[in-house]
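These notes concern the structure reproduced below.
Every number in this text was worked out from the coordinates using simple rules, so none of it is lab data. It should be emphasised that the depicted structure is a prediction, and the values quoted were computed from it without experimental measurement. Every residue, glycine among them, receives a Cβ derived from its backbone with ideal geometry; neighbour counts consider all protein chains shown.
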Amino acid sequence: MVLESNDLEGKTRDVIAACQRGERDAFRALFEAYQDKVYSIALRYSGDRAVALDIAQEIFLKLLSSIGEYRGNAGFETWLYRVVVNCCLDHRRRTRRIGLFIESLWQGFSAPKQSVLQDLMRAEMEEQVQRSVASLSPDQRIAIALRYTEGFSYERIAEILNCSMGTVASRLNRAHKILERRLSHLRERR
C-alpha cells in the first residue's frame, strides 16, 4: 500500500482506517508519505539532526499508538501537524534545549561567495541568526517554522496550533520585530 502525493487526499481515509484496524502496511504507507514533512519541521524546530530524528521517531510512535483517536473532525494533516507541534514543544520542555532555525532568515543576508573572508563572515552571521531565532519563545519559533519552512498560510497555522489567525499573526509579528531588532546590525554590514 503506497500513498502517492497526487492521490494522497483520496486514499488517506482508507489508509487511516486500515491503520486503525492495525494493518502494518497501511502504517508503513502513512510513514512513507509523511516522514519528510515531520522530520523537516522537527529539524527546523530543533536545529539538530540527531534531535530531529529523535523527535520524528517519537512522533511516529505516538502516531502509531494514537491513530485510533483520530476521528476525522479535522483534516488528517492538520491533526498530524498538531501531534508534531506538541512533540516539539514537549521535547523542548523536557530537555530545555533551544532549537535553531535559519534557512528562511538567512536568505535576506546571504551574498555570493567570493572569498574565505566572506565565508567566515557568513558563518558568523549564521551563528548570530541561529542564536536570535533560538531565543524566541517556543510559540514564536514554531509559528516561524510552520510559516517559512512549510509555507503554510496563517489560516493553516491557526488550525494546526489550535488558535486564532490573529494569534498566529501576533506571534509572527512579534517574532519578526524581535529578529529585526536583534539582527539589524547585519544589514548595516552588507
#### Entry: Net lengthening on full extension, residue 53/residue 65 (0.36 nm per residue, minus Cα-Cα)
2.5 nm
### Message
If each residue of separation counts as 0.36 nm, what is the full-extension length gain between residue 20 and residue 178 once their alpha-carbon separation is subtracted?
### Response
52.5 nm
### Residues in segment 150-185 that a label on residue 40 would reach, taking backbone N under 19 Å of a point 7 Å out along Cα→Cβ
150-161
